[in-house]
1. Within the set of pairs 6 or more residues apart or between chains, which connect a residue that is in a helix (DSSP H, G or I) inside segment 85-105 to a residue that is open to solvent by 40 Å² or more (accessible area, probe 1.4 Å) with Cβ atoms less than 8 Å apart?
2. Taking His35 and the conditions (1) out of contact with any helix residue (DSSP H, G or I) (no Cβ under 7 Å at 6 or more places or on another chain); (2) on the phi > 0 side of the Ramachandran plot; (3) modelled with pLDDT of 90 or more, which numbered condition does it fall short on, given that it satisfies the others?
3. Can you name the condition, by its number, that Cys143 falls short on among (1) at pLDDT 95 or above; (2) of a type outside the set (Lys, Arg); (3) under 16 Å from the mean Cα position of the chain (by Cα); (4) buried (at least 16 other Cβ atoms within 10 Å of the Cβ)?
4. Across segment 48-77, what is the total count of residues that are of a type in the set (Asp, Glu) and at positive phi?
5. Only one of Gly156, Gly98 is closer than 29 Å to Ala83 by Cα and crowded, with 19+ Cβ neighbours inside 10 Å. Can you tell me which?
6. Considering each residue of segment 159-193, count those that are assigned to a strand (DSSP E or B) and out of contact with any Pro (no Cβ under 9 Å at 6 or more places or on another chain), and give that number.
7. Mind listing just one residue for me: the one in segment 39-70 that is modelled with pLDDT under 50, open to solvent by less than 50 Å² (accessible area, probe 1.4 Å) and under 30 Å from Lys85 (Cβ atoms) and, of those, farthest from the chain's Cα centre (by Cα)?
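The values are calculated or read from the model by the stated rules, or taken from the named source; none is laboratory data. Bear in mind that the values here come from a model prediction, so they are computed numbers and not experimental data. Please note: Cβ atoms are built from the backbone with ideal geometry, for glycine as well, and neighbour counts cover all protein chains shown. We work out accessible area using only protein heavy atoms, side chains counted, and drop any ligands, DNA or RNA first. Shrake-Rupley method; radii C 1.70, N 1.55, O 1.52, S 1.80 Å.
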Amino acid sequence: MNLRSSVLSALMLGLATLLPAAAVAAGAHAHSHSHSHAQAGHGAHEHGLIALEIALEGQELTIGLEAPLDSLLGFERAPRTEAEKKAAQALLEHLRAGQGLFAPDAAAQCQPVSATVDAPVLQAGGAAKGEHADLDATFVLRCAQPQALTSIDLGGLLDRHRRIARVEAEIVTPAGQFKSVLKRPARVLRWGR
C-alpha cells in the first residue's frame, strides 16, 4: 500500500468512526427545495459551506476540500460569459498552485508538496450533472514537526472566497479523530483535546 492509499485509508477509517450513520442518512435524504442533495461523506450540498477532510500520517498532511462551486465562484454551471470563464480559470490556477490557502501551525514547519483539483464543469465543454456542481481538491503538505500540528489558519482561502460562511472539517491524526466547525469571522480551524 502506498503512502497516499494509507492516508486515505486512515481518513476513511476515521470518518467511519466519526460518522457511523452517514451512509444511512445520505441514502434516506431526498432532494429538497433548499438546494440540498446527498454528497459522499458530507450530507447536504449547501451553499456557503465547504467540507475539509484532514489526515496526518507521519510527516504527510493531506487536506481534501469539497465545495459547491457557488461557494467559490457564485455559480454552479459551466462558465458562460468571458468574465465567468476568466474567474473559473483563475480559481483553478489558484487552487492548483496550492499556495496561501492553508497555513498550518508554524511550529509544524509544513511545506506544500502537491495539489490536484477536479471540477469537470469548469473544463472546456463541461456541464453540470443535475442542478448542482461541486469542486473537489486535494492538497498534500510535508511537515517537519507534525506533532506540533493542532490547527490550520484558513484565512487565505476565506479571504479569497467570501461566499464561504462555514467550514466543516473531519480530522484524523495520530493524536485522535476530531470534528471541527468554523464559522466566519473565525479563521483558524483547531482540534485536539
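1. Going by the 8 Å Cβ cut-off, the qualifying pairs are His94/Arg160; Arg96/Thr116.
2. Exception for His35: condition (3).
3. Only one criterion in (1) at pLDDT 95 or above; (2) of a type outside the set (Lys, Arg); (3) under 16 Å from the mean Cα position of the chain (by Cα); (4) buried (at least 16 other Cβ atoms within 10 Å of the Cβ) is unmet by Cys143, namely (3).
4. The total comes to 0.
5. Of Gly156, Gly98, the one residue that is closer than 29 Å to Ala83 by Cα and crowded, with 19+ Cβ neighbours inside 10 Å is Gly98.
6. Total meeting the criteria: 18.
7. Filtering segment 39-70 for residues that are modelled with pLDDT under 50, open to solvent by less than 50 Å² (accessible area, probe 1.4 Å) and under 30 Å from Lys85 (Cβ atoms), the one farthest from the chain's Cα centre (by Cα) comes out as Gln39.
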